[in-house]
Amino acid sequence: MALYKEALQLYENGLKVPEDVTLLFADDNFGNVRRYPTDQEKRRVGGSGVGSLGQEKKTFSELTTCSCTTILSMLAIHVVTNGSIAAPL
Amino acid sequence: MWSGFPWPGSSFFTDDPLNQALADTYGIVMSTSHHEPMQQAMVEWRVAGKGPWSWELNKDAVAAHWRAGLQRAKPYESVITIGMRGEGDKAMQAEDPQGTLQDVINSQREMIGSTYGKDDGVPRQWKTQLSL
């Protein structure tokens, strides 16, 4: 289950996600990540990790079809330091 | 799934009835994008024209859509995405987003349970292999 935008707020407000569901903490399309999984979240049966959602629907000027705004090196740092596998786009 | 699949208005699942089977033969595990739960592409919903993409306003049609996605994917190894946002991955329009999303997740688990036998969808055979 991808936790981004309002979904992350709802999750932090107490949304109950079953243990075996993988949590995906997504970047903001520019390589910034709001938070990493906690140790408890990493121990979930389904696991958790950091990844990019790729092209999110955005305003015309932010469309990434012709260019990629996600700074991949930043994303790589998040993934490597967090020790998790990046989820599929 | 990318909405611009070969034919406009089709998805990986509907473009060719053999797609899922062929992917499975090659050991490819299919899934859908983060805003397209239950092995259904958003384009399929738009093409079907079954009303608003809303759990509050159109629960029966959305639930039937999801059950169909699960049933279609049943023979093949899949990663099922769950949750729900607004159409086209916009924010959900709901009186109580948290309550609605919780209800969505609970209902989706129930659907997975009734389609696959367990609400985490993992078949018993696979569990046996893991324990060896």
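The values are calculated or read from the model by the stated rules, or taken from the named source; none is laboratory data. Just so it is clear, the structure is predicted and the values come from calculations on it, not from any experiment. Backbone-built Cβ (ideal geometry, glycine too); neighbour counts: all protein chains shown. For accessibility, only protein heavy atoms count, side chains too; no ligands or nucleic acids. Shrake-Rupley method; radii C 1.70, N 1.55, O 1.52, S 1.80 Å.
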Cα gyration tensor shape of chain B, rounded if a/c is under 1.5, else prolate or oblate by comparing a/b with b/c: oblate
Here segment A:21-29 yields Karplus 3J(HN,Hα) values (6.51, -1.76, 1.60; θ = phi - 60°; whole Hz; Gly and Pro given as x) of 7, 6, 9, 10, 8, 8, 7, 9, 6
So, with points 7 Å from each Cα along the Cβ direction, the B:ASP103-B:LEU57 label distance in nm works out to 1.5
For segment B:27-109, give the magnitude of the charge dipole about the Cα centre (Cβ charges: +1 Lys/Arg, -1 Asp/Glu; no others), in debye to the nearest 20. 280
Two pseudo-spin positions, 7 Å from Cα along C-beta at A:ALA76 and at A:GLN9, lie apart in nanometres by 3.4
Label-point separation, B:VAL122 to B:ASP24 (7 Å along Cα→Cβ), nm: 2.0
In nm², the average projected area of the convex hull spanned by the Cα atoms of segment A:1-56 is 3.6
Any residues in segment A:1-44 that have 50 Å² or more less accessible area with all protein chains than in their chain alone, probe 1.4 Å, and which are they? A:MET1, A:TYR4, A:GLU6, A:LEU10, A:LEU15, A:ASP20
The A/B contact buries a total accessible area, at probe radius 1.4 Å and rounded to the nearest 100 Å², of 1500
Gyration tensor (alpha-carbon) shape descriptor, segment B:53-128, a/c threshold 1.5: prolate
